[in-house]
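Visitor: Structure below; questions to follow.
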Amino acid sequence: PDRMLRSLVLVGVLSAASAFSFAPATPSLRSTRQGVSARLPTHVTARAPRGLGLRMKIPEDLTDAGRRELRDLEGKWKNVCVLGGSKGVGREVVNGLSAMGVNVVALVRSEESKAELEKLPGVKAVLGDAMEASDVIGVLDGCDAAVSTLGGATGEVNIDYKGNMNMIENAGILGVTRVVLVTSVGCGDSKDAIPETVYEALKSALVDKTKAENLLLKYYTNTDYTIIRPGGLVTAPSTGKAILTEDKKAAGKINRADVSALVLSAMYSKKCSKMIFTAVDPSLSEGM
């Protein structure tokens, strides 16, 4: 009887296993920024992000549980919170995610920014202040991933640290498993990449951004993060020649549109997990 029971159990296991068939990854997201490349540590070319799919049906009720572990989503982030999305690099990120068909939740401070962002497909803008933890929690809740491009000051307090702190300390608790933090060249171990005079002029912001980086590294030892440090930001059309490099002494200029493209490429690439990059554009020869 025991042998017969074991045989029946084995047959059942094999039958269940044969019901799942895996297929090669196929694109499931569209992008308007095809061809922007990033120099990754494995020397591969990263194009605009594309989702990965498995040829099997996943019950909808497993979505919330599944999004808490990177392996369950295979890098396919469907709901992304963007802090700093009303202007600059953050706005470019929102534009890119919207074009890809991703649901975006952005925290904004004005009705004007809210109305403007909500003209984009799939974008929900919420009025609030990143300096308030409750406001940040409100937009993070329900998201798979988060991107922060926060910077600047509110009164006498830099948002570079406190705003990012509110995101970092609450993202993991709320089920966010992918975080991309955009800071600046000159932060952390890239301090020597810029002239001392430049560092001194930007010291307050750079110190706070470094604190935010260190907090992220502390909180996300077992979770997926990427830190991107852009060089001098320029508002101009994308050149498509910007790169991500691990060179801590790299510096230079980069267009905001290209930073955004690299942020999205990195977010959807497992090769960028738990990595710190500098983002520069070698084609813009003039230094910072």
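The values are calculated or read from the model by the stated rules, or taken from the named source; none is laboratory data. Every value quoted in this text rests on a predicted model; they were computed, and no experiment measured them. Note: ideal-geometry Cβ built from the backbone for every residue, glycine included; neighbour counts use all protein chains shown. To get the accessible areas, we keep the full protein, side chains included, count just its heavy atoms, and leave off ligands, DNA and RNA. Shrake-Rupley method; radii C 1.70, N 1.55, O 1.52, S 1.80 Å.
Visitor: Please enumerate the residues belonging to the stretch 240-264 that are in contact with a helix residue (DSSP H, G or I) (Cβ under 8 Å, 6 or more places away or on another chain) and either hydroxyl-bearing (Ser, Thr, Tyr) or part of a loop (DSSP other than H, G, I, E, B) (or both).
Guide: Gly240, Lys241, Ala242, Lys248, Lys249, Ala250, Ala251, Ser260
To keep it simple, each residue is scored yes or no on (1) part of a loop (DSSP other than H, G, I, E, B); (2) over 24 Å from Ala201 (Cβ atoms).
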position: Val139; (1), (2): no, yes
position: Cys143; (1), (2): yes, yes
position: Asp160; (1), (2): no, no
position: Asn170; (1), (2): no, yes
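Results for (1) at pLDDT below 95; (2) buried (at least 24 other Cβ atoms within 10 Å of the Cβ); (3) assigned to a loop (DSSP other than H, G, I, E, B); (4) not polar (S, T, N, Q), shown as yes or no for each residue.
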position: Val104; (1), (2), (3), (4): no, yes, no, yes
position: Lys114; (1), (2), (3), (4): no, no, no, yes
position: Leu120; (1), (2), (3), (4): no, no, yes, yes
position: Val126; (1), (2), (3), (4): no, no, no, yes
position: Asp129; (1), (2), (3), (4): no, no, yes, yes
position: Asp135; (1), (2), (3), (4): no, no, no, yes
position: Val147; (1), (2), (3), (4): no, yes, no, yes
position: Leu150; (1), (2), (3), (4): no, yes, yes, yes
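Visitor: Right, next: Quick one: which of Lys209, Lys203 is over 17 Å from Glu246 (Cα atoms), open to solvent by less than 30 Å² (accessible area, probe 1.4 Å) and either without any contact (Cβ under 8 Å) to a residue 24 or more places away in the chain or in contact with a Gly (Cβ under 8 Å, 6 or more places away or on another chain) (or both)?
Guide: On the way: Lys203 fails: open to solvent by less than 30 Å² (accessible area, probe 1.4 Å).
The unique qualifying residue is Lys209.
Visitor: Conditions first: (1) part of a helix (DSSP H, G or I); (2) hydrophobic (A, V, I, L, M, F, W, C); (3) modelled with pLDDT of 95 or more; (4) within 16 Å of the chain's Cα centre (by Cα). Leu217 passes all but one, so which condition is the exception?
Guide: That leaves (3) as the condition not met.
Visitor: Going by what's in this entry, would Thr235 be described as open to solvent by 10 Å² or more (accessible area, probe 1.4 Å) and either among the β-branched types (Val, Ile, Thr) or touching a Phe, Trp or Tyr at 6+ places or on another chain (Cβ under 8 Å) (or both)?
Guide: Criteria met by Thr235.
Each row is one residue, and each column tells you yes or no for (1) modelled with pLDDT of 95 or more; (2) not hydrophobic (A, V, I, L, M, F, W, C).
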position: Asp208; (1), (2): yes, yes
position: Lys211; (1), (2): yes, yes
position: Thr221; (1), (2): no, yes
position: Asp224; (1), (2): no, yes
position: Ile227; (1), (2): yes, no
position: Thr235; (1), (2): no, yes
position: Ser238; (1), (2): no, yes
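Visitor: Quick one: would you say Val93 is in a strand (DSSP E or B) and at pLDDT 95 or above?
Guide: Working: in a strand (DSSP E or B): no; at pLDDT 95 or above: yes.
When the stated conditions are applied, Val93 does not pass them.
Visitor: Only residues that are open to solvent by 10 Å² or more (accessible area, probe 1.4 Å), out of contact with any strand residue (DSSP E or B) (no Cβ under 6 Å at 6 or more places or on another chain) and assigned to a loop (DSSP other than H, G, I, E, B): list them for the stretch 178-196, please.
Guide: If the condition is that a residue be open to solvent by 10 Å² or more (accessible area, probe 1.4 Å), out of contact with any strand residue (DSSP E or B) (no Cβ under 6 Å at 6 or more places or on another chain) and assigned to a loop (DSSP other than H, G, I, E, B), then Ile194, Pro195 are the ones that fit.
Visitor: Also: Within the stretch 265-288, which residues are outside any loop (DSSP other than H, G, I, E, B) and among the aromatic types (Phe, Trp, Tyr)?
Guide: Taking the stretch 265-288 and keeping what is outside any loop (DSSP other than H, G, I, E, B), we get 265-267, 270-272, 275-280.
Correct list: Phe277 only.
Visitor: Within the stretch 247-258, identify whether any single residue is open to solvent by 10 Å² or more (accessible area, probe 1.4 Å) and among the polar types (S, T, N, Q), and answer yes or no.
Guide: no
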